[in-house]
Amino acid sequence: MKIIGTGSALPSLEVTNDMLAEFLDTNDEWISSRTGIRSRRLRSTETLVDLAVSASRSALESAGLNPEEIDFCICSNVANNYVTPAMSCIIQQHIGSHCPCFDLNGACAGFLDAMEVAEALLKTDRAENILIVCAEEPSRFCNWERRETSILFADGAGAVVVSKGDALKAIRLTTVPNRDVIVYQRRLETTPFEVPGVDVTEPLKMNGREVFRMAVETSQRDLHAMMEETGISADMIDYYVLHQANLRIISSIREHLGQPEYKFPTNIERTGNISSASIPILLDELYSAGRLKKGDMLALSAFGAGFVSGSAIIEWTK
Ligand code: UT7
């Protein structure tokens with residue numbers, strides 16, 4: 001595969017740390033020093049579908065394709081208020097394409113899952129062009145009366161169009177079974193036959209320190225494995241486009257790899273953690289700002305609930 005178009009959309013409302021400190025027991029100093037986040041965008045007047053559609057349209061325009069030229073639409077989403085139909089079906093109705101659609105839930109590593117599936121579809125000649133949209137609103141599963149997770153998560157959508165090419169040098173997905181490190185159960189209807197107490201739903205629970213430790217460990221391990229497989233060394237990578245979960249996680253990975261700071265672009269300072277949309281949004285921002293040159297080698301890496309991780313090395317060909 002190769003990436004031929006990028007797009008992104010963030011909600012219009014900017015929420016600063018001080019705004020959160022008005023109703024949560026927290027402060028700007030704690031949030032910015034522990035996470036790197038200074039503000040984030042949260043949905044107010046727009047829906048997640050609006051953001052996903054806007055990011056998709058921009059990616060199509062950037063690819064120079066019309067909606068009918070898309071052969072598959074894959075949406076990466078953890079949760080939204082549609083249990084059914086899939087987000088990808090709703091997005092395609094808005095953008096006007098008529099291709100097969102499906103969603104996948106790979107938590108914060110969902111963009112890499114979608115790339116793996118897209119690569120397989122392109123290799124078997126089942127598609128020429130695939131739209132990958134990562135649309136996430138993790139802010140909607142936080143408990144907004146508590147400070148632990150509501151300071152981290154935010155909303156947005158990032159999209160890419162991929163087509164046949166040989167830019168993808170390596171991709172690696174892993175899952176270590178660990179349900180408890182980040183868990184959130186959706187509340188569904190109860191049937192008259194269900195025995196009360198059999199299926200108790202849990203609100204969002206996250207062991208932040210454990211996620212931090214596992215994130216640094218898995219990202220480094222995956223990046224090293226891909227470098228060994230391809231012969232592309234850490235020095236040969238131009239940019240490390242990592243999941244924007246915590247600036248300290250990014251710094252730890254950078255220190256382990258012994259690479260300079262300029263190779264690790266970030267937007268977490270103003271976006272917060274937008275789950276799987278994080279990497280495609282950052283890619284779109286970097287491309288739009290003229291920071292990516294044809295031939296640049298990019299390393300992508302993300303991790304999240306599962307515990308899952310996904311990484312890739314891809315040459316920028318646009
Ligand atoms: O996409 C994957 C999703 N998840 C992640 O990426 C999470 C990864 N983990 C992290 O980013 C960090 O672990 C957190 C930012 C969640 C927490 O940072 P930490 O440095 O691991 O802090 P901590 O949980 O060890 O808490 C340190 C102190 C505690 O107080 P005491 O026990 O030392 O008195 C907390 O109660 O900070 C307190 N604290 C806060 N204080 C002010 C926790 N949250 C807050 C807060 N504001 N929002």
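The values are calculated or read from the model by the stated rules, or taken from the named source; none is laboratory data. If you're wondering where the values come from, they're calculated on a predicted model, not measured in any experiment. Please note: Cβ atoms are built from the backbone with ideal geometry, for glycine as well, and neighbour counts cover all protein chains shown. Areas reflect the complete protein model, heavy atoms only, side chains present, ligands, DNA and RNA absent. Shrake-Rupley method; radii C 1.70, N 1.55, O 1.52, S 1.80 Å.
The table below lists the values:
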{"item": "More than 28 angstrom apart: percent of Cα pairs within segment 150-285", "result": "30"}
{"item": "Top positive-direction residue, dipole computed over the chain with Cβ charges, set Thr124, Ser233, Ala21", "result": "Ser233"}
{"item": "For q = 0.17, 0.22 Å⁻¹, Debye-computed log10 I/I(0) when each Cα of segment 55-193 counts as one equal scatterer", "result": "-0.99, -1.38"}
{"item": "Alpha-carbon radius of gyration plus Dmax, which is the widest Cα pair, for the chain in Å", "result": "18.9, 61"}
{"item": "Within the chain: Cβ-based charge dipole about Cα centre, in debye rounded to nearest 20 (Lys, Arg +1; Asp, Glu -1)", "result": "360"}
{"item": "In Hz, Karplus ³J(HN,Hα) per residue of segment 142-158 (6.51, -1.76, 1.60; θ = phi - 60°; x = Gly, Pro)", "result": "7, 8, 7, 9, 10, 8, 4, 10, 5, 7, 8, 8, 8, 10, x, 9, x"}
{"item": "Cross-link pairs Lys205/Lys263; Lys164/Lys263; Lys263/Lys294; Lys164/Lys293 - those with Cα-Cα distance over 22 Å", "result": "Lys205/Lys263; Lys164/Lys263"}
{"item": "Mean separation of Cα contacts under 8 Å (6+ apart) over length of segment 218-293, as relative contact order %", "result": "32"}
{"item": "The chain - percent of accessible surface contributed by carbon and sulfur, probe 1.4 Å", "result": "49"}
{"item": "Cβ-based net charge around Gly36, under 11 Å, with every Lys or Arg adding one and every Asp or Glu removing one", "result": "+3"}
{"item": "Kyte-Doolittle at least -1.0, axis length at least 27 Å by Cα - qualifying DSSP helices, the chain", "result": "208-230"}
{"item": "The chain, relative contact order [Cα under 8 Å, separation at least 6], %", "result": "26"}
{"item": "Heavy-atom surface of the chain, accessible at 1.4 Å and reported per residue (Å²)", "result": "45"}
{"item": "Mean separation of Cα contacts under 8 Å, 6 or more apart, over the residue count of segment 1-158: relative contact order %", "result": "31"}
{"item": "Local electrostatic count at Met115 - Lys and Arg +1, Asp and Glu -1, tallied over other residues with Cβ under 13 Å", "result": "+1"}
